[in-house]
Amino acid sequence: MRRLGGFVAALLVGACSGGDRLTLFVGTYSDGFYAYEFDTASGTVVSEGAFPEAPGAVAKAPMPNPSFLAVDGTRVYAVSEMPDATAAVYAWRFGGGGFDLLGAQPTGLPQGGEDPCYVSTDGSFLAVANYSGGSLGVYRLRPGGGIAPLDSLLYSGTGGPDLLRQDVPHVHCAVFTPEGKHLLFSEFSSDEIGMLDVYAGGVRNYRRAARLHPDYGPRHLLFDAAGRHLYVIGELSGDITVFDYAAGVLEERQVVRADPMDARGAADLHLSPDGKFLYASLRLGNDGIAIFFVAPDGTLAPAGYQHTGMHPRNFTLSPDGRWLLVACRDEDAVEVYQRNAGTGQLADTGRRIRVEKPVFVGFTGSGTPRRPSR
């Protein structure tokens, strides 16, 4: 294994002494992703770090364009968003202040795995969404966290009305259902959500789980903590659709507008830890975070809006709900916002984590969760 990292005296995965410090990971459109020590009491990075290009970072995992990460305990899976046969998904182990490379597998195969942009895991399988390749790749995980060769590759379709952005297949997100029996993925160019069955022998049996309205461009999918509701954001439409979920069945409950500017750049979704507020990032015009109140039945009502820096592609909330961090790609910075737990509103602290082209940000314990064993 290859050990890569900087100096740090006593960095522990998940929490440091005092219980107020967490490991923060930042993925980039650059030559690696970084680990930071984040103090949840003050909302600051607390180490001076060892990387001039990323002040405050305590470790770096070198790889091209690590645009999205799945954090599963001490393991970090990262896609290398490349437009050719060098595209890959990497497995790392983080601990003791550095990264160990567990291995990698290609996604940019001749069959169509270019530009992987999302990765998730249930602890047994790894799902990778290949945007330009228009496909969903599934890999088995080896004991110890390594990645076995590609197990299956499923192609998405087209059919959406946008002849420029939906002219070829795109897949943008893939998530395992809460009970661990299915895998859902966004079919951007056909305005649909696909579903596969997950069992010990593999991930198979494609069917359409839901059809969204034309010109939707489904991007990210998000289950609530109870697993009863699924939220789907439309990159093109700027809408969020709320589905009821039970036993592999999605039933549409509500569609709300997140982007009244019609900028066609809606991106990411996250719920507050208490489940009372939903946040959505919007790009390409009026860049910022839309805030929604979540009713007990899962439906949404507008609660506010927070402007951010340019191109807020991805964001995350600290596990205690006190902070919301936004990866603003075109600002070369992760912006730190303080969150009011009662109202859901955000306040810009003015603090910035400087790093080239950040496009992912997530804490240990706040990535794609391990689902129940089948």
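The values are calculated or read from the model by the stated rules, or taken from the named source; none is laboratory data. Every value quoted in this text rests on a predicted model; they were computed, and no experiment measured them. Reconstructed Cβ throughout: ideal geometry from the backbone, glycine too, with neighbour counts over all protein chains shown.
Can GLY180 be described as outside any strand (DSSP E or B), on the phi > 0 side of the Ramachandran plot, surrounded by fewer than 17 Cβ atoms within 10 Å (Cβ to Cβ) and of a type outside the set (Ser, Thr, Tyr)? Talk me through it step by step, then tell me what you get.
Working: outside any strand (DSSP E or B): yes; on the phi > 0 side of the Ramachandran plot: yes; surrounded by fewer than 17 Cβ atoms within 10 Å (Cβ to Cβ): no; of a type outside the set (Ser, Thr, Tyr): yes.
No.
Right, TYR118: in contact (Cβ under 8 Å) with a residue 24 or more places away in the chain, touching a Phe, Trp or Tyr at 6+ places or on another chain (Cβ under 6 Å) and either among the aromatic types (Phe, Trp, Tyr) or surrounded by fewer than 24 Cβ atoms within 10 Å (Cβ to Cβ) (or both) or not?
Details: in contact (Cβ under 8 Å) with a residue 24 or more places away in the chain: yes; touching a Phe, Trp or Tyr at 6+ places or on another chain (Cβ under 6 Å): yes; either among the aromatic types (Phe, Trp, Tyr) or surrounded by fewer than 24 Cβ atoms within 10 Å (Cβ to Cβ) (or both): yes.
Yes; evaluated as a whole, the condition is true for this residue.
Residue by residue, here is whether (1) closer than 15 Å to VAL361 by Cα; (2) touching a Lys or Arg at 6+ places or on another chain (Cβ under 9 Å); (3) outside any helix (DSSP H, G or I) holds:
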position: MET310; (1), (2), (3): no, yes, yes
position: ASN314; (1), (2), (3): yes, yes, yes
position: PRO319; (1), (2), (3): yes, no, yes
position: LEU324; (1), (2), (3): yes, yes, yes
position: GLU335; (1), (2), (3): yes, yes, yes
position: GLN338; (1), (2), (3): no, yes, yes
position: ALA347; (1), (2), (3): no, yes, yes
Pairs, please: C-beta under 6 Å, at least 6 apart or cross-chain, first residue under 18 Å from ALA247 (Cβ atoms) and in the stretch 182-203, second of a type outside the set (Ser, Thr, Tyr) and outside any strand (DSSP E or B)? HIS182/GLY248; VAL198/LYS181
Restricting to the stretch 126-138, name every residue that is in a strand (DSSP E or B) and surrounded by 22 or more Cβ atoms within 10 Å (Cβ to Cβ). LEU126, ALA127, VAL128, ALA129, ASN130, SER135, LEU136, GLY137
Being in contact with a Pro (Cβ under 6 Å, 6 or more places away or on another chain) and either surrounded by fewer than 20 Cβ atoms within 10 Å (Cβ to Cβ) or aliphatic (A, V, I, L, M) (or both) is the requirement here; does ALA57 meet it? no
Looking at the stretch 337-353, I want the residues that are among the polar types (S, T, N, Q) and have a partner that is surrounded by fewer than 14 Cβ atoms within 10 Å (Cβ to Cβ) with Cβ atoms under 7 Å, at least 6 apart or on another chain. Which pairs are those? GLN338/ALA347
Filtering the stretch 240-278 down to residues that are touching a residue at least 60 places away in the same chain (Cβ under 8 Å) and under 19 Å from PRO296 (Cβ atoms), which residue is surrounded by the fewest Cβ atoms within 10 Å (Cβ to Cβ)? ASP274
Kindly list the number of the only condition in (1) modelled with pLDDT of 95 or more; (2) crowded, with 18+ Cβ neighbours inside 10 Å; (3) part of a loop (DSSP other than H, G, I, E, B) that fails for ARG93. (3)
Checking SER237 against (1) of a type in the set (S, T, N, Q); (2) free of Cβ contacts under 8 Å to residues at least 24 places away in the same chain; (3) buried (at least 21 other Cβ atoms within 10 Å of the Cβ), which single condition isn't satisfied? (2)
Going by the conditions given, is GLY108 touching a strand residue (DSSP E or B) at 6+ places or on another chain (Cβ under 9 Å) and over 29 Å from GLU179 (Cα atoms)? yes
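Would you be able to say whether some residue in the stretch 162-172 is of a type outside the set (Gly, Ala, Ser), under 18 Å from VAL138 (Cβ atoms), modelled with pLDDT of 95 or more and part of a strand (DSSP E or B)?
Yes; the residues of the stretch 162-172 include at least one that is of a type outside the set (Gly, Ala, Ser), under 18 Å from VAL138 (Cβ atoms), modelled with pLDDT of 95 or more and part of a strand (DSSP E or B).
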